[in-house]
1. Pick out the one residue from Asp165, Asp129, Asp182, Asp190 that is outside the structural domain of Leu246 (by TED's automatic domain parsing), surrounded by fewer than 16 Cβ atoms within 10 Å (Cβ to Cβ), modelled with pLDDT under 90 and of a type in the set (Asp, Glu).
2. Residue pairs, Cβ under 7 Å, 6 or more apart or interchain, first in region 153-178 and over 20 Å from Gly197 (Cβ atoms) and free of Cβ contacts under 8 Å to residues at least 60 places away in the same chain, second hydrophobic (A, V, I, L, M, F, W, C) and in a helix (DSSP H, G or I). List them.
3. Out of all the residues in region 83-99, is one or more loosely packed, with under 13 Cβ neighbours inside 10 Å, under 25 Å from Phe161 (Cα atoms) and under 21 Å from the mean Cα position of the chain (by Cα)?
4. Starting from residues that are in a helix (DSSP H, G or I) and modelled with pLDDT under 95, keep the ones in region 43-73 and report whichever is surrounded by the most Cβ atoms within 10 Å (Cβ to Cβ).
5. Enumerate the helices (runs of 4 or more DSSP H) found wholly within region 195-271, keeping only those where 1 or more residues are surrounded by 10 or more Cβ atoms within 10 Å (Cβ to Cβ) and modelled with pLDDT of 95 or more.
Amino acid sequence: MSRIADLVAIVDRLYSPGGCPWDQAQTWRSMRPYLLEECHEVLDAIQSGDPAALRGELGDLLFVVTLLARMAEELPSEQAFNLESVADGIATKMVHRHPHVFSGAARPGGPEAGIVAWEAIKAAESPPDGPPRSRMAGVPRSLPALLRCHRQSEKAASVGFDWPDAAGVLGKIREELGELEDAMAGPDPDAVAHEYGDLLMAVGSLGRHVGCPPEGALSQANDRFADRFRIMEQLAWQAGQSLRDLDADALDALWEAAKARSAPSPAASGD
C-alpha cells in the first residue's frame, strides 16, 4: 500500500463517524483559511531554500487537499468525487495540454511560446456553439493584486496584446508616472488612485520582460527592508536612542549602516 493510499485512509478515518471531531466539523468554506495558510507556508519554505521544510509544508498542504476531496465524497452521487478522480482529471488535462510532449506535436520555442500554446489549447476547449471563454476567467480575483497583474498580463500577451520589449514597458511606466503626477496636482483623490493603480500595473508587467516575476521580487525586497529596519532598531538601541526621536538625517545614516551590515560578502554574491 502506497503512502498516498495510507494518507487517504487516515483522512477517511478522521472524517468518518468515530473520527476526529475537528475534522468532522469542517466544510469547504471553513477550510479556506487553512488552505491559504498552508499555501503561504509552502511559499515561505520555497523562499527559505530548505528542502526539508518544503517537504514538510507540502505534506501539510497535501493533507488539506486530501481532506477537501474526502468531503466531496459526501455529495449526491452525480456530484461526488474523490482524490482519485481529482488526480485523474489533472493527469488527463496535463496530457491534453502538452501535445508537444505526449503526442509528437512541435515543441514551443521557449517559456513564452509555451504559454501561447497552452492558451490556444484552452481556447479550443470552449463550447463550439457559445462565446469563447475569456482568458481572464482563469485568473482568480482573490489572487494578491501584484500576482494577478502578472498572470493577467501573461494571458493578454498570449494573443499578442503586449509591449514588444522591456523598453516599451519602461516607456509606459514613465507615461503612467507623468499621469499620476498630474492627478496628484489636482483635487480628485479617485483620479490619484486610478493613475497609481495604472502605474503599479505597468511596473508589474515589466517583470515578464526582464525574467523576474514581480511577486517574488517584491517579496525579496520586503524581506530586505524588514531585515535592515530591524538592524536600524538594534543600532539605535545600542546607542541608547529611539528611532522616533531621530531626525531624517540620523535615520538615513542608520539606514546606510544597516545596508552595509546586511550586504552580502563578495564571496557570497559571486563577485
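The values are calculated or read from the model by the stated rules, or taken from the named source; none is laboratory data. This structure is a prediction, so every number in the text was calculated from the model and none was measured. Every residue, glycine as well, gets a Cβ built from its backbone with ideal geometry; the counts of neighbours run over all protein chains shown.
1. Of Asp165, Asp129, Asp182, Asp190, the one residue that is outside the structural domain of Leu246 (by TED's automatic domain parsing), surrounded by fewer than 16 Cβ atoms within 10 Å (Cβ to Cβ), modelled with pLDDT under 90 and of a type in the set (Asp, Glu) is Asp129.
2. From residues that are over 20 Å from Gly197 (Cβ atoms) and free of Cβ contacts under 8 Å to residues at least 60 places away in the same chain, the pairs are Ser158/Ile115; Ser158/Val116; Ala166/Leu206.
3. Checking region 83-99: not a single residue is loosely packed, with under 13 Cβ neighbours inside 10 Å, under 25 Å from Phe161 (Cα atoms) and under 21 Å from the mean Cα position of the chain (by Cα).
4. Applying the filter and picking the extreme gives Ala45.
5. 214-238, 248-262
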